[in-house]
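Here the structure is laid out as C-alpha cells; the discussion comes afterwards.
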Amino acid sequence: MIPGISSSIFLNLLFNGFFLGSIYALVGAGLTLVFGVTRLVNFAHSILMVSAMYFSYYIWSVLGVEPFLLLPLSFPLFFLVGYLIYRFLIKFVVDQSFSSQVLATLGLFLIIQYGIVMLWTSNTYTVNSPLRNIVFRFDGVFISLPHLLTFLTTLAISFALYYFLKTTYIGRAIRATAQDPEAAKILGIETNYIYSISLGLGTGLAAVAGNMLAMSYSIDPYIADVFLVMAFVVIIMGGMGNYIGAILAGYIIGMLEVFTAFFFLPLLKHAVPLLLLIIILIFKPEGLLSRRLRA
Amino acid sequence: MLVLSNITKTFGGVVAVRNMSMEIEKGELVGLIGPNGSGKTTLLDVISGFYKPDSGLVKLDGAPLNRTPPFERAKHIGRTFQIPRIFSRMTVKENLMVVEMNEEKALQLLEMVQLSRLADEYASNLSGGQQKLLEFARTLMMNPKIVLMDEPFAGVSAPLIQRLSDVILQLNSEKKIAFLIVEHNLAALFKVCHRCVVMDQGSMIADGSPEDVSRNSQVIKAYMGE
Ligand SMILES: Nc1ncnc2c1ncn2[C@@H]1O[C@H](COP(=O)(O)OP(=O)(O)OP(=O)(O)O)[C@@H](O)[C@H]1O
Ligand SMILES: [Mg+2]
C-alpha cells in the first residue's frame with residue numbers, strides 16, 4: 001500500500017478511521033440536518049452528544065446495561081430533548097439574528113457543560129464494558145466489537161434517515177421546509193413543527209454518536225469542545241445543510257485524523273483537517289458535493 | 001366568502017395598502033390590477049397571513065382570520081407567487097406530493113396543466129412558464145376555496161397563457177373555485193375575470209366589470225401617470 005508500512009498497520013489505521021469517521025458522520029449529519037432545515041447554527045450540538053455519553057455511563061454504572069443496547073431508548077429520549085429545546089428556546093431565536101442564535105445555543109452549551117461538571121465533576125469516566133474486550137483479529141489486524149458496531153450502526157441509521165427523508169410525508173415536508181419555508185407554509189405545513197422535529201432528529205443522531213463513543217472513549221465534559229469544532233469542519237466540508245455531504249466528509253475527516261496522528265504528529269491530528277477545510281473553502285466553497293446530491 | 005375590511009399595511013413610512021375593503025363571493029373570478037408598487041402583492045400577503053395588517057380584518061366564510069397562521073389559512077386559500085416558489089431540488093411530481101401522498105391526484109393535476117410528461121424531471125429544469133404551471137397545480141392539491149395568483153401570465157408563452165386561462169375557467173365553472181388574480185397583462189386577464197379591482201398607491205380606485213374599469217378615467221390616469 002504505502003511504502004515502508006506493512007499492510008496490517010495500514011488496515012488497522014483504516015479501521016480506526018472508519019470508527020472515528022462514523023462518529024463524525026453521525027454528529028455532522030445531525031448538525032447539518034438542523035442547519036439545512038432551520039438555518040440555525042446549533043453550538044449546543046456536541047454537548048448533547050456528550051450528554052448522551054453521560055447518560056450511557058450512568059445507566060451502565062447503575063444497571064449495567066451496555067451503551068449499545070441503550071440505543072433504542074436514547075434515540076427517542078434525545079429526540080424529545082431536541083424537540084423540547086426547540087419549543088422552549090430555539091423557537092424564539094430561529095428568526096432572529098445570527099448573534100442571538102449564537103448566544104442562545106452557546107449559552108445552552110455552557111449550561112449543560114457546567115451542569116455535567118456539577119453532577120459528575122470534570123473527572124474522566126470509562127464504561128468498562130465487556131464488549132470492549134471482544135476483538136476480532138486476523139493477520140495482525142484488530143477490530144474491536146464496539147468499533148464494528150459503531151460502523152454498522154452508522155450505516156444503518158444514515159440509510160434509514162435518508163430513506164425517511166426521501167419517501168415519507170414528514171420527510172418530504174422537512175425537505176420542502178428546508179428549500180423554501182414560505183412555500184411550505186402555503187401548502188399547509190406548520191414550519192415550527194417541522195423545525196422541532198428536525199432538531200429532535202439532529203439531537204437523536206448526536207445521541208447515537210454519544211452512545212457509540214461511550215463504548216470506546218473515556219468520558220469528560222470537555223470532549224464537547226473539540227467535537228464542536230470538528231462537527232463544523234465536517235458540515236462546512238460537506239456543504240452546509242447537505243446530508244450526504246456531511247456523512248462523506250465525516251469519514252474523510254475521521255481518516256485524515258487517524259492517519260495524521262500516525263504518520264505526522266498526534267498533536268496535528270485536528271490541524272490537518274482544518275487545513276483541508278481551508279483549501280476546500282478556497283477552491284469549492286459550496287462544499288464537496290454538487291447541489292443536486294442534496295437530500 | 002372572502003371579506004377584507006379596512007386593511008392598512010405600512011412598511012416604515014411607506015403605506016403599501018391603505019384602507020382596502022372588498023369582498024369576493026364563492027366562484028367569483030376577480031382581477032386585481034394597478035401600476036407597479038401599488039400594493040397588490042402586499043394585499044395578497046396580508047390575505048395569506050405572511051403580513052399582519054396594521055389595522056383591518058380578513059374574514060373567510062364569516063370567521064376572522066387575524067389569529068390564524070399562514071399554514072392554517074392555506075387549507076382554504078391557495079396561492080401562487082410573482083416569482084414561482086417551487087421546490088427546485090424535488091421532481092415535478094414530488095412538488096405536488098409535498099401536500100399529500102396521493103400520486104394519482106398529483107398526476108391528474110399535472111395532466112391538467114400539461115406537465116405530466118415532465119413528472120419525473122427535477123423542477124429546476126423547467127422553464128419559467130412551466131414553473132408557474134407547476135406552482136398552480138401544486139396549490140390545487142390543497143383543494144382551495146379560493147386561489148390568489150400573483151402575475152400568473154408574466155413570462156409565460158402565449159400557448160401556455162391560453163392553457164392556463166382555460167384551466168382557470170374550467171375549475172371556476174366546475175368546482176366553483178374563486179380566484180383573485182394580480183396581472184399586468186390586461187388583455188389576457190380581461191378574458192378570464194368577471195370583475196376587476198384597481199389599486200393605486202395602496203388604495204382602491206375602481207371596482208367593476210373589465211369594460212367599465214378600462215374606460216374609467218381615474219384608472220387611465222393612474223396608468224398614464226406612472
Ligand atoms: N417587505 C417590504 N418592506 C418594505 N417595503 C415594501 C415591502 N414589500 C413591499 N414594499 C413596498 O410597498 C409598496 C407596495 O409593494 P407591492 O409589492 O405590494 O406592489 P405591487 O403592486 O405588487 O407591485 P408590482 O406590480 O411591481 O409587483 C411598494 O412601495 C414597495 O416598495
Ligand atoms: Mg407584486
Is it true that A:Gly238 is at pLDDT 95 or above, more than 14 Å from chain B (Cβ to nearest Cβ) and surrounded by 23 or more Cβ atoms within 10 Å (Cβ to Cβ)?
no
For residues that are part of a loop (DSSP other than H, G, I, E, B) and open to solvent by 20 Å² or more (accessible area, probe 1.4 Å), scanning just the range A:4-40, find the one that is nearest to A:Leu106 (Cα to Cα).
A:Arg39
Kindly indicate whether any position in the range B:58-70 is more than 16 Å from ligand 1 (Cβ to nearest atom), closer than 16 Å to B:Met149 by Cα and among the small types (Gly, Ala, Ser).
no
Kindly establish whether B:Val14 is within 16 Å of ligand 2 (Cβ to nearest atom) and without any contact (Cβ under 8 Å) to a residue 60 or more places away in the chain.
yes
Residue check, B:Arg215 of a type in the set (Lys, Arg) and touching a residue at least 40 places away in the same chain (Cβ under 8 Å)
no
Subset of the range B:139-159 that is buried (at least 17 other Cβ atoms within 10 Å of the Cβ) and more than 13 Å from the chain's Cα centre (by Cα) - its residue that is farthest from the other protein chains (Cβ to nearest Cβ)
B:Val156
Evaluate the following for B:Asp54: is it at negative phi and within 16 Å of ligand 2 (Cβ to nearest atom)?
no
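Considering each of A:Arg132, A:Arg137 in turn, give the residue that is on the phi < 0 side of the Ramachandran plot and in a strand (DSSP E or B).
When all the criteria are applied, what remains is A:Arg137.
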Just one of A:Ile170, A:Ile197 is within 14 Å of chain B (Cβ to nearest Cβ) and hydrophobic (A, V, I, L, M, F, W, C); which is it?
A:Ile170
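Answer yes or no as to whether A:Leu70 is open to solvent by less than 30 Å² (accessible area, probe 1.4 Å), over 22 Å from A:Val234 (Cβ atoms), among the aliphatic types (A, V, I, L, M) and under 21 Å from the mean Cα position of the chain (by Cα).
Details: open to solvent by less than 30 Å² (accessible area, probe 1.4 Å): yes; over 22 Å from A:Val234 (Cβ atoms): yes; among the aliphatic types (A, V, I, L, M): yes; under 21 Å from the mean Cα position of the chain (by Cα): yes.
Judged against the criteria, A:Leu70 is a match.
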So the helices (runs of 4 or more DSSP H) completely within the range B:23-101 holding 2 or more residues that are over 13 Å from the mean Cα position of the chain (by Cα) are B:70-73, B:92-97
Unique match (being touching a residue at least 24 places away in the same chain (Cβ under 8 Å) and within 16 Å of ligand 1 (Cβ to nearest atom)) among B:Val98, B:Val147, B:Val182, B:Val192
B:Val182
Residues to consider are B:Gly31, B:Gly37; find the one that is open to solvent by 50 Å² or more (accessible area, probe 1.4 Å) and within 16 Å of ligand 2 (Cβ to nearest atom).
B:Gly37
Those residues of the range B:113-123 which are facing chain A (nearest Cβ under 8 Å) and buried (at least 23 other Cβ atoms within 10 Å of the Cβ), in sequence order
none
Return the residues of the range A:111-129 that are over 19 Å from A:Val27 (Cβ atoms) and part of a helix (DSSP H, G or I); say none if nothing qualifies.
A:Ile111, A:Tyr114, A:Gly115, A:Val117, A:Met118, A:Leu119, A:Trp120
Would the range B:177-192 turn up any residue that is farther than 20 Å from B:Thr80 by Cα and either open to solvent by 30 Å² or more (accessible area, probe 1.4 Å) or of a type outside the set (Lys, Arg) (or both)?
yes
Among residues belonging to the range B:68-88 that are open to solvent by 40 Å² or more (accessible area, probe 1.4 Å) and within 18 Å of A:Ile174 (Cβ to Cβ), point out the one that is nearest to the other protein chains (Cβ to nearest Cβ).
B:Arg85
All positions within the range B:40-51 that are open to solvent by 10 Å² or more (accessible area, probe 1.4 Å) and more than 12 Å from chain A (Cβ to nearest Cβ)
B:Lys40, B:Thr41, B:Thr42
Can you work out which of the residues in the range A:177-193 that are under 23 Å from the mean Cα position of the chain (by Cα) and surrounded by 24 or more Cβ atoms within 10 Å (Cβ to Cβ) is farthest from A:Asn242 (Cα to Cα)?
A:Thr177
Quick one: would you say A:Thr177 is farther than 20 Å from A:Ser46 by Cβ and part of a helix (DSSP H, G or I)?
yes
Kindly provide the set of residues from the range B:28-56 that are over 17 Å from B:Asp207 (Cα atoms), more than 7 Å from ligand 1 (Cβ to nearest atom) and not aliphatic (A, V, I, L, M), ordered by number.
B:Asp45, B:Ser48, B:Gly49, B:Phe50, B:Tyr51, B:Lys52, B:Pro53, B:Asp54, B:Ser55, B:Gly56
Residue list for the range B:89-112, restricted to those being buried (at least 18 other Cβ atoms within 10 Å of the Cβ) and more than 8 Å from every other protein chain (Cβ to nearest Cβ):
B:Val92, B:Lys93, B:Asn95, B:Leu96, B:Ala106, B:Leu109, B:Leu110, B:Met112
Does B:Met20 satisfy the condition of being away from ligand 2 (no atom under 16 Å from the Cβ) and in contact with a Gly (Cβ under 9 Å, 6 or more places away or on another chain)?
no
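The values are calculated or read from the model by the stated rules, or taken from the named source; none is laboratory data. As the structure is a prediction and not an experimental result, all values here were calculated from the model. For neighbour counting, all protein chains shown are included, and Cβ atoms are generated from backbone atoms with ideal geometry for every residue, glycine included. Calculation scope for accessible area: heavy atoms of the full protein, side chains included, ligands and nucleic acids excluded. Shrake-Rupley method; radii C 1.70, N 1.55, O 1.52, S 1.80 Å.
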